[in-house]
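The values are calculated or read from the model by the stated rules, or taken from the named source; none is laboratory data. Owing to the predicted nature of the structure, the values given are computational and were not obtained by experimental measurement. Note: areas computed on protein heavy atoms with side chains; ligands, DNA, RNA excluded. Shrake-Rupley method; radii C 1.70, N 1.55, O 1.52, S 1.80 Å.
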Amino acid sequence: MALPVPEYDMNDIVEMKKQHPCRKSTTWKIIRMGADIRIKCQGCGASVLFPRTEFEKKLKKVIEHHESQ
């Protein structure tokens, strides 16, 4: 059975199921990918590190895909 290809990548803007406590923004930017994924709040600039499996459970949707050049 093949693993599903992730729909997100570096620098994408995503929305999580729960809002950040700062309440300034509901969107996050993916700033690190690997076994863990680090996301940065677009409102206050705080960053949070999640294991990939936990990130995928908490991800609601990808809002904007970053165009790599």
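At q = 0.18 Å⁻¹, what is the base-10 log of I(q)/I(0) for the chain according to the Debye formula with one equal point scatterer per Cα and no solvent? Please give it to two decimals. At q = 0.18 Å⁻¹ the computed log10 ratios are -0.64.
Heavy atoms of the protein chains alone define the surface here; on that basis the chain has 74 Å² accessible area per residue at 1.4 Å probe size. Maximal additional length on extending the Phe50-Asn11 stretch stands at 12.5 nm, based on 0.36 nm per residue less the C-alpha distance. For the chain, the relative contact order comes to 35 percent (Cα pairs under 8 Å, sequence separation of at least 6).
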